[in-house]
Amino acid sequence: MQTSIPFEQLFNKRKLRDGNENFPKTILVQGRAGIGKTTLCKKLVYAHQTGLWRDRFDTVLWLPLRQLKAFKSRTLE
């Protein structure tokens, strides 16, 4: 199921998968390359820093997963 939601309403109260109505804590951003997923995520971080959703989230963590490919796995031996 694909649903289009206006940006400012991404974290508004809605019916969740379990049938309850609540505020979503996470969202899934998916799409083909070049569609604007990274730009949207940067806009989410900026919107939070300028006051949007501050009442729902203490912190927003920006973690570009694309950069994880550059790191080699290591062990703590």
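What the table below lists for this structure:
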item	result
Options Arg17, Arg32, Arg56; residue that is assigned to a loop (DSSP other than H, G, I, E, B) and within 14 Å of the chain's Cα centre (by Cα)	Arg56
Residues of segment 61-77 satisfying the condition of being assigned to a loop (DSSP other than H, G, I, E, B) and open to solvent by 60 Å² or more (accessible area, probe 1.4 Å)	Leu61, Trp62, Leu63, Phe71, Lys72, Ser73, Arg74, Thr75, Leu76, Glu77
Sole exception among (1) surrounded by fewer than 10 Cβ atoms within 10 Å (Cβ to Cβ); (2) modelled with pLDDT of 80 or more; (3) of a type in the set (Ser, Thr, Tyr) for Thr38, by number	(1)
Subset of segment 24-39 [closer than 25 Å to Thr59 by Cα and without any contact (Cβ under 8 Å) to a residue 24 or more places away in the chain]	Pro24, Lys25, Thr26, Ile27, Leu28, Val29, Gln30, Gly36, Lys37, Thr39
Long-range neighbours under 6 Å by Cβ, at least six apart or interchain, first residue open to solvent by 100 Å² or more (accessible area, probe 1.4 Å) within segment 1-23, second part of a strand (DSSP E or B) and modelled with pLDDT under 90	Glu21/Lys15
Long-range neighbours under 6 Å by Cβ, at least six apart or interchain, first residue farther than 21 Å from Gln9 by Cβ within segment 53-77, second open to solvent by 100 Å² or more (accessible area, probe 1.4 Å) and in a loop (DSSP other than H, G, I, E, B)	none
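The values are calculated or read from the model by the stated rules, or taken from the named source; none is laboratory data. If you're wondering where the values come from, they're calculated on a predicted model, not measured in any experiment. For neighbour counting, all protein chains shown are included, and Cβ atoms are generated from backbone atoms with ideal geometry for every residue, glycine included. Accessible surface areas use protein heavy atoms only, side chains included; no ligands, DNA or RNA. Shrake-Rupley method; radii C 1.70, N 1.55, O 1.52, S 1.80 Å.
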